[in-house]
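The values are calculated or read from the model by the stated rules, or taken from the named source; none is laboratory data. Model, not experiment: these values are computed from the prediction. Here the Cβ positions follow ideal geometry from the backbone for every residue, glycine too, while neighbour counts run over all protein chains shown. To get the accessible areas, we keep the full protein, side chains included, count just its heavy atoms, and leave off ligands, DNA and RNA. Shrake-Rupley method; radii C 1.70, N 1.55, O 1.52, S 1.80 Å.
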Amino acid sequence: MQPRLSHAAALSAMIEARTARVGILGLGYVGLPTAVHFAQAGFRVLGFEVDQARALAVNRGHSHVCDVPDEALRSLVEVRRLEATVRAERMAECEVLVICVPTPLTPAKQPDLSHVHQAVDSIARGARPGQLVILESTTYPGTTEEVVVPRLQAAGLAVGEEVFVAFAPERLDPGNPSRFRDIPKVVGGHTPTCTRLACQLYEHIVDRTVPVSSPTVAEMVKCYENVFRNVNIALVNELTLLCDRMELDVWEIIEAASTKPYGFMPFYPGPGVGGHCIPVDPYYLAAKAREYDFHVKFIEVAAQVNDSMPYYTCSKVVAALGRHGKSIHGARVLVLGATYKPDVPDVRESPALKVISLLRKRGAEVRYHDPYVREVTLPNPGSRLESVDLTDETLRSADCVVIATNHRCYDYPWIARSARLVVDTRNALRDVRSGNVVSL
Ligand SMILES: NC(=O)c1ccc[n+]([C@@H]2O[C@H](COP(=O)([O-])OP(=O)(O)OC[C@H]3O[C@@H](n4cnc5c(N)ncnc54)[C@H](O)[C@@H]3O)[C@@H](O)[C@H]2O)c1
């Protein structure tokens, strides 16, 4: 009689042969590309979604994520290599379950782990020996050990022997889909076997995995990466405020500093920070730190500076209009770009929306144009605005044009020529020398 394989050995063999079925929980900006990459690597993928319309769209081959073209999705759906479902009980069909659900903040900027709790509960309800559960959602150090592991143990499963758990942070760069494979994957398992299995899985879709000693270390790596970015953006934003006072061009300074061949990397100022990561994740770390009577001062300082940038942008517009003899009250302002970064359709936490709201509060008549976003809901008091057409007439009729997001598709020389006055928060007009342009 053949000796029975351990659960780990059996799972490893299935991962190697790509016969392990991969379930992805949450088919958003992270989950959908991940599902597509596993399916393209030869796995059968089942995507779990709580949003029925989203699941239906995926099954029709319609992608809502800019980095996943419809054709790529359709070709996988047609051969049933990728399927979306709202039926959580089908998780029992999967050997691998990857959690890619949102980790937002509460209105009081506290971590809101409700989606992670829900996702783990739905996994635990149908969990069986031989499954690998991986958390990819960004969260504070300790979540995997405190939330995922105990719920599987409570379901009667021995983690590390019967089921396997790891944290593997997502590091994707929206708008840059070609980089998916060459971004190394950090993996921290609950046990060395968990780490090994998770690395083995990811080696099918990325060129390099980086095993670390625990899920908590992997979680801290992700927090550190995002705090690093947040703090450095705050530093250059603060320098911008100083340069403004000293009448120096911060962009010229960054460009020259960037020529240093070691020990420096450029970050760029802007109207604030946005997206689902940079303004959110630092608060996850700060909340955890407080449990240890520790106050992460850099995070608080960075938030103060970055949060002030939409106000600073607004004051630049007021001053620029003033120099043209116009009051902000009743001025027609056209904001170009509503998204938090260029060339993506994502407006989450976008500083452009904050700038629009602040300008409206000061009495300006604000319109916006964004080729990626037809309509936006503004924060406080929550009114809606529709994107206008970008024409010579729209540009000429504005008292001030604010470049809030530097989409690549904009014809910047034309914008500079047609607009009476431009406040450029992204240095998009660096090559256009014109008296009507004010930089941040
Ligand atoms: N967007 C990014 O650039 C990025 C980069 C790195 C890491 N992350 C992290 O990845 C995670 C996901 O972010 P995202 O941008 O993909 O979010 P998203 O909002 O685009 O997608 C999340 C999806 O999960 C679904 N969902 C919520 N609860 C669910 C549940 N219990 N079961 C199944 N589906 C559920 C939602 O309906 C939504 O479709 C977050 O923790 C985020 O911080 C995001």
*Being within 16 Å of the ligand (Cβ to nearest atom), open to solvent by 30 Å² or more (accessible area, probe 1.4 Å) and closer than 18 Å to Gly188 by Cβ is the filter here, so list the residues in region 125-145 that pass it.*
Tyr140
*Yes or no: Ala41 farther than 22 Å from Pro169 by Cα, open to solvent by less than 70 Å² (accessible area, probe 1.4 Å), modelled with pLDDT of 95 or more and out of contact with any helix residue (DSSP H, G or I) (no Cβ under 7 Å at 6 or more places or on another chain)?*
no
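Give the residues of region 342-354 that are closer than 14 Å to Tyr410 by Cβ and either of a type outside the set (Asp, Glu) or in contact with a strand residue (DSSP E or B) (Cβ under 6 Å, 6 or more places away or on another chain) (or both), sorted by residue number.
Pro342, Ala352
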*Matching entry among Val231, Val210, Val273, Val280 (being out of contact with any helix residue (DSSP H, G or I) (no Cβ under 7 Å at 6 or more places or on another chain), open to solvent by less than 80 Å² (accessible area, probe 1.4 Å) and touching a residue at least 40 places away in the same chain (Cβ under 8 Å))*: Val280
*Among the candidates Ala72, Ala53, Ala20, Ala39, single out the residue that is among the hydrophobic types (A, V, I, L, M, F, W, C) and within 15 Å of the ligand (Cβ to nearest atom).*
Ala53
*All but one of (1) open to solvent by 10 Å² or more (accessible area, probe 1.4 Å); (2) away from the ligand (no atom under 16 Å from the Cβ); (3) touching a Ser or Thr at 6+ places or on another chain (Cβ under 9 Å); (4) not small (Gly, Ala, Ser) hold for Glu162, so report the exception by its number.*
(3)
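I'd like to check which strands (runs of 3 or more DSSP E) are fully inside region 381-435 and have at least 2 residues that are open to solvent by 30 Å² or more (accessible area, probe 1.4 Å).
On the way: elements: 384-386, 400-403, 422-424.
The strands (runs of 3 or more DSSP E) meeting that bar are 384-386.
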*Of all residues in region 56-69, which are open to solvent by 10 Å² or more (accessible area, probe 1.4 Å), within 11 Å of the ligand (Cβ to nearest atom), under 14 Å from Pro33 (Cβ atoms) and free of Cβ contacts under 8 Å to residues at least 40 places away in the same chain?*
His64
_Residue in region 76-117 that is farthest from Tyr29 (Cα to Cα), counting only those that are in contact (Cβ under 8 Å) with a residue 40 or more places away in the chain and within 9 Å of the ligand (Cβ to nearest atom)_ = Ala88
_Looking at (1) crowded, with 18+ Cβ neighbours inside 10 Å; (2) assigned to a loop (DSSP other than H, G, I, E, B), which one does Asn237 not meet, given that it meets all the others?_
(2)
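Go through region 331-350 residue by residue and tally those that are among the small types (Gly, Ala, Ser) and open to solvent by 40 Å² or more (accessible area, probe 1.4 Å).
Quick first cut of region 331-350, residues among the small types (Gly, Ala, Ser) only: 331, 337-338, 350.
Still in the running and open to solvent by 40 Å² or more (accessible area, probe 1.4 Å): none.
Count: 0.
Every residue, every condition in (1) more than 21 Å from Glu170 (Cβ to Cβ); (2) not in a helix (DSSP H, G or I), yes or no:
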{"site": "Arg4", "(1), (2)": "yes, yes"}
{"site": "Ala9", "(1), (2)": "yes, no"}
{"site": "Gly23", "(1), (2)": "no, yes"}
{"site": "His62", "(1), (2)": "yes, yes"}
{"site": "Leu73", "(1), (2)": "no, no"}
